[in-house]
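Step one of this worksheet: look at the structure below.
The values are calculated or read from the model by the stated rules, or taken from the named source; none is laboratory data. Predicted model, so just to flag it, every value in this text is computed and none were measured. We place every Cβ from the backbone using ideal geometry, glycine too, and count neighbours over all the protein chains shown. Ligands, DNA and RNA are stripped out before the accessible areas are found, and what is left, the full protein with its side chains, is counted by its heavy atoms. Shrake-Rupley method; radii C 1.70, N 1.55, O 1.52, S 1.80 Å.
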Amino acid sequence: AGVRQAADIADRLKAIPGMKVEERTSTIAGVRWFWMTYRQPVDHRRPKGQWFEQRVLLQHKSTDRPMVLYTSGYNTPTSMFTAEPTALLDANQVSIDYRYFTPSRPEPTDWTKDTIWQAATDEHRLIKALKTIYSAKWISTGGSKGGMTAVYHKRFYPNDVDGSVVYVAPNDVDNNDDSGYDRFFATVGSDDACRQHLKDLAKEFLKRRPAMLARFEAEAAANGWTFNTLKTPDRAFENTVMDYEWAFWQYSLQSDCPSLPSLDASDDELYDSLNNIAGLSFYTDQGLAPYVPYYYQAGTQLGWPTPQFTWLRPEIRYEDSYQPRTYVPADIEMKFDKGRAMRDIDRWVRNHGSRLMFVNGENDPWSSEPFRLGRGTTDSYVYTAPGMNHSARLITRLPAEEQAKAIADLRRW
């Protein structure tokens with residue numbers, strides 16, 4: 001019976017116009033796994049123009065179970081995984097590449113169509129197509145840029161899903177005011193010594209610039225890394241140093257502070273810490289290339305964080321390079337919309353948002369400019385997981401009473 005049902009669902013998926021379907025071996029018991037591509041217009045306002053194939057991965061349990069739409073905001077993970085709402089609801093799950101992240105990128109590429117509305121409309125068309133099969137309730141979810149994506153989709157198509165669980169999603173509604181990040185780094189955690197040591201280490205990297213650069217350039221040569229986008233290894237090195245404190249709090253816990261090297265540690269130990277926590281390869285051409293669609297959007301609509309690196313002066317040389325324009329190839333034109341798109345999103349959340357669950361990490365830098373509810377927001381909630389970082393599995397990290405309420409609301413939706 002299970003084999004027959006799998007064949008039936010495969011046939012139904014293949015019958016969707018524009019959908020290509022390949023069933024692959026599942027690694028989760030009781031779940032069928034389908035790799036699909038869905039044909040999407042590059043410009044939804046002009047569907048007679050160019051089209052592209054968008055990658056879609058489906059984990060099928062049963063057509064009478066709820067469906068969780070997982071939006072990563074980047075490339076969708078290509079191994080099977082169970083998002084937290086999927087597990088809590090025993091649901092099906094569909095995940096989707098964000099447009100312009102390879103392989104879901106049209107060629108030739110019109111970058112002006114890499115917008116939040118175009119991407120939301122990708123999701124709207126996909127949901128409409130899949131609802132012909134999965135007619136039970138739908139929940140959208142995502143973390144970080146994926147959480148932002150879920151909010152933007154719900155703003156433009158509020159009736160597509162029955163609720164949204166949004167993890168650690170920043171809301172940069174005023175790109176000129178990033179003081180929230182500075183307050184965060186001045187107060188994060190409960191260990192003053194840990195905060196100060198991270199700052200001191202970043203400055204020590206810069207003081208040992210020749211030794212750090214020698215190791216970085218040797219590693220770049222061994223791996224074939226190039227620096228056409230940031231121009232020099234020195235700029236790439238500095239951008240990594242500016243990421244160091246942020247990356248620690250984003251991916252580590254305060255309890256990891258004792259593992260940090262001392263200020264008088266060897267050059268090798270310091271280099272390893274910078275590399276392991278912030279990742280020196282990221283600001284190479286090869287490291288940046290997969291993320292150009294994100295930086296393009298950050299520099300045109302989303303906004304970007306600009307923390308102040310006062311404690312690194314006068315050692316720092318390229319502080320002004322810490323922005324999206326630096327990370328996008330010069331031949332791609334960019335113009336920031338001065339916050340118009342994000343103000344629209346923020347107004348909608350405050351005045352019309354419904355069934356939104358925002359879950360943030362207390363020690364996550366991205367959660368320091370969060371979405372906030374307003375008088376017009378209904379059936380929506382904000383939670384903060386104590387001591388946690390940048391994660392999309394935070395409901396089960398909430399205090400017991402809040403966890404129970406969050407799960408109850410999700411199941412009610």
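Counting only residues that are closer than 28 Å to residue 352 by Cβ, polar (S, T, N, Q) and assigned to a helix (DSSP H, G or I), the stretch 363-413 holds 3 of them. In the set (1) touching an Asp or Glu at 6+ places or on another chain (Cβ under 6 Å); (2) at positive phi, residue 305 fails one condition alone, (2).
Filtering the stretch 205-246 to residues that are surrounded by 15 or more Cβ atoms within 10 Å (Cβ to Cβ), of a type outside the set (Ser, Thr, Tyr) and touching a Pro at 6+ places or on another chain (Cβ under 9 Å) leaves 213, 216, 217, 220, 225, 227, 242, 245, 246.
Among the residues of the stretch 48-58, some residue qualifies, meaning at least one is more than 26 Å from residue 145 (Cβ to Cβ) and among the charged types (D, E, K, R).
Checking the stated criteria, residue 121 turns out to be open to solvent by less than 40 Å² (accessible area, probe 1.4 Å) and assigned to a helix (DSSP H, G or I).
Residue count for the stretch 60-95 under the criterion of being touching a Ser or Thr at 6+ places or on another chain (Cβ under 6 Å), surrounded by 21 or more Cβ atoms within 10 Å (Cβ to Cβ) and either farther than 24 Å from residue 137 by Cβ or of a type in the set (A, V, I, L, M, F, W, C) (or both): the result is 3. Of the set (1) assigned to a loop (DSSP other than H, G, I, E, B); (2) touching a Gly at 6+ places or on another chain (Cβ under 8 Å), all apply to residue 129 but (1). Number of residues in the stretch 50-59 that are out of contact with any Asp or Glu (no Cβ under 9 Å at 6 or more places or on another chain) and open to solvent by 20 Å² or more (accessible area, probe 1.4 Å) equals 2.
Here's the yes/no breakdown for (1) over 17 Å from the mean Cα position of the chain (by Cα); (2) open to solvent by 20 Å² or more (accessible area, probe 1.4 Å); (3) under 16 Å from residue 166 (Cβ atoms):
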position	(1), (2), (3)
349	yes, no, yes
352	yes, yes, yes
355	yes, yes, yes
368	no, yes, yes
376	yes, yes, no
384	yes, yes, yes
409	yes, no, yes
412	yes, yes, no
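So, residue 137, is that one without any contact (Cβ under 8 Å) to a residue 60 or more places away in the chain, surrounded by fewer than 20 Cβ atoms within 10 Å (Cβ to Cβ) and either under 24 Å from residue 410 (Cβ atoms) or under 15 Å from the mean Cα position of the chain (by Cα) (or both) or not? Step through it out loud before you land on a result.
Values: without any contact (Cβ under 8 Å) to a residue 60 or more places away in the chain: no; surrounded by fewer than 20 Cβ atoms within 10 Å (Cβ to Cβ): yes; either under 24 Å from residue 410 (Cβ atoms) or under 15 Å from the mean Cα position of the chain (by Cα) (or both): yes.
Criteria not met by residue 137.
Could you count how many residues in the stretch 70-106 are among the aromatic types (Phe, Trp, Tyr), in contact (Cβ under 8 Å) with a residue 60 or more places away in the chain and farther than 16 Å from residue 167 by Cα? Even if it seems obvious, please write down each step before you answer.
Let us first name the residues in the stretch 70-106 that are among the aromatic types (Phe, Trp, Tyr), namely 70, 74, 81, 98, 100-101.
Still in the list and also in contact (Cβ under 8 Å) with a residue 60 or more places away in the chain: 70, 74, 98, 100-101.
This time we only want the ones that are farther than 16 Å from residue 167 by Cα, so: 98, 100-101.
Residues in the stretch 70-106 being among the aromatic types (Phe, Trp, Tyr), in contact (Cβ under 8 Å) with a residue 60 or more places away in the chain and farther than 16 Å from residue 167 by Cα: 3 in total.
Remark: pairs (first residue in the stretch 357-384, at positive phi; second residue in a loop (DSSP other than H, G, I, E, B) and open to solvent by 20 Å² or more (accessible area, probe 1.4 Å); Cβ separation under 7 Å; 6+ apart in sequence or on different chains) = 379/355. Given the structure, is residue 27 in contact with a helix residue (DSSP H, G or I) (Cβ under 8 Å, 6 or more places away or on another chain) and either farther than 22 Å from residue 150 by Cβ or open to solvent by 70 Å² or more (accessible area, probe 1.4 Å) (or both)? No, not satisfied. For the stretch 257-291, filtered to residues that are farther than 25 Å from residue 76 by Cα and among the hydrophobic types (A, V, I, L, M, F, W, C), the residue that is surrounded by the fewest Cβ atoms within 10 Å (Cβ to Cβ) is 263. Listed by first and then second residue, the pairs with beta-carbon distance under 6 Å, at least 6 apart or on different chains, first residue in the stretch 266-294 and farther than 23 Å from residue 202 by Cα, second among the acidic types (Asp, Glu), are 293/114.
Selection of strands (runs of 3 or more DSSP E) fully inside the stretch 1-113 by the criterion of at least 1 residues being over 28 Å from residue 335 (Cα atoms) and of a type in the set (Ser, Thr, Tyr) returns 32-41, 67-71, 92-96. Scanning the stretch 142-159 for residues that are of a type in the set (Lys, Arg) and open to solvent by less than 40 Å² (accessible area, probe 1.4 Å) yields a total of 2.
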